[in-house]
Amino acid sequence: MNGDTLLLALGLALIIEGLLPFTAPGAWRRAFSQLLQLRDGQIRYIGLLGLAGGLILIWLAR
């Protein structure tokens, strides 16, 4: 992996992260306020699922 690939991946992640706040700010605000109500363990579990999903996608792509 070179620097261009890393920048491409980071750019794509930022685009995906920005889609919901740009297209539906009210829904994004409600989702974020619900996220604040979760316990640390629940947030960690969501993070673990995201990490595992990302690793699986990378593994499938290679």
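Just checking, which of Gly50, Gly54 is assigned to a helix (DSSP H, G or I), under 11 Å from the mean Cα position of the chain (by Cα) and surrounded by 11 or more Cβ atoms within 10 Å (Cβ to Cβ)?
Exactly one residue qualifies, and that residue is Gly54.
For segment 32-43, does any single residue satisfy the condition of being within 16 Å of the chain's Cα centre (by Cα) and small (Gly, Ala, Ser)?
Taking every residue of segment 32-43 in turn, none turns out to be within 16 Å of the chain's Cα centre (by Cα) and small (Gly, Ala, Ser).
Any read-out appearing in this document is the output of simple, stated calculations on the displayed coordinates, not a laboratory observation. Predicted model only: the values in this text are computed from it and were never measured. Reconstructed Cβ throughout: ideal geometry from the backbone, glycine too, with neighbour counts over all protein chains shown.
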